[in-house]
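Data block below; observations after.
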Amino acid sequence: MIRRRAFEAAQPPPARPIAEDPARRVEAKYLRLWTTSMRDLPFVNPALSVEAIGFRRHGSTGESLAGTTSSATGDWIGAVITPWVIGLLLLPGGGSLWSDRRPGDRCHVTFPIGPIEFIADYEPDADLPAYQYCPLFAPPSRFASQIAAQAAATAALDALLNGGASEDPANSPATGQRESSRRAFLRRFVKT
């Protein structure tokens, strides 16, 4: 028996590259979500507020993925902190990381740290209609403050884009044994 999806969203039109830093648009989108549908849910963390962190271009055409670009090319990668989730966002910028996907489709995007799974979404009438997200902490109940959430989001972006070069070698798996899963990626930021 072949397993098929009960519903498959239509393929959206090609995403328009975003030319300017999308941080304010990301914050506006998530503030709207917060005020219209998330505020009263029981799992939100009241210590956190909506904030876009560290958006930068990465993955320009012809660029080696080992380094970020400071030019006006490449797709946008950054993090968003909300009271209900802390995650990575990938937005189209005309680079090599973005691929147009149906809403709900999962894709693996390769970064210096390895492949990371993102989930595509598309809202045709939104200010940011096409985006891909990777939830890091959902819900973010372990964070006692916005400062702690900012530190985790910043550390996640740094590890993602620098291949974990700043991590403690004593805690790293031996060469050839590096885990490439999201779980291994997140283990660096959560102490149990």
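A short reminder: the numbers here are calculations on the coordinates, not readings from a lab. What you are looking at is a predicted structure, and each value in this text was computed from that prediction instead of being measured. No Cβ is skipped: glycine too gets one built from the backbone with ideal geometry, and neighbour counts run over all protein chains shown.
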Revision key, fill the gap. For Arg32 and Ile2, extending 7 Å from Cα along the Cα-Cβ vector and measuring point to point gives, in nm, a value of 3.8
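How high is the FRET efficiency between Ala138 and Asp21 when r is their beta carbon distance and R₀ equals 30 Å, given to the nearest 0.05? Walk me through the numbers on the way to the answer.
Details: r = 25 Å, r/R0 = 0.83.
Computed FRET efficiency for Ala138 and Asp21 comes out at 0.75.
Pull out the extension gain between Asp100 and Thr154, defined as 0.36 nm times the separation in residues minus the alpha carbon to alpha carbon distance; nm, one decimal.
Details: separation 54, 0.36 × 54 = 19.44 nm, distance 2.64 nm.
Here the segment from Asp100 to Thr154 would lengthen by 16.8 nm.
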Review point. Efficiency by 1/(1 + (r/R0)^6): what FRET value for Ser145 and His108, r their Cβ-Cβ distance, R0 = 30 Å, to the nearest 0.05?
Key: 0.40
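Would you work out the Kirkwood radius for segment 11-63? I mean one over the mean of 1/r across all pairs of different Cα atoms, in Å. Mind dumping the intermediate values first?
Working: mean 1/r = 0.0720 Å⁻¹.
Hydrodynamic radius (Kirkwood, Cα pairs) of segment 11-63 is 13.9 Å.
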**Study point:** Packing-based order for 123-134, 92-103, using average beta carbon neighbours within 10 Å, highest first
**Key:** 92-103, 123-134
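Mind giving me the FRET efficiency for Glu123 and Asp40? R0 is 25 Å, r the Cβ-Cβ distance, nearest 0.05 is fine. Each step should come with its number before you reach the end.
Details: r = 22 Å, r/R0 = 0.87.
It comes to 0.70.
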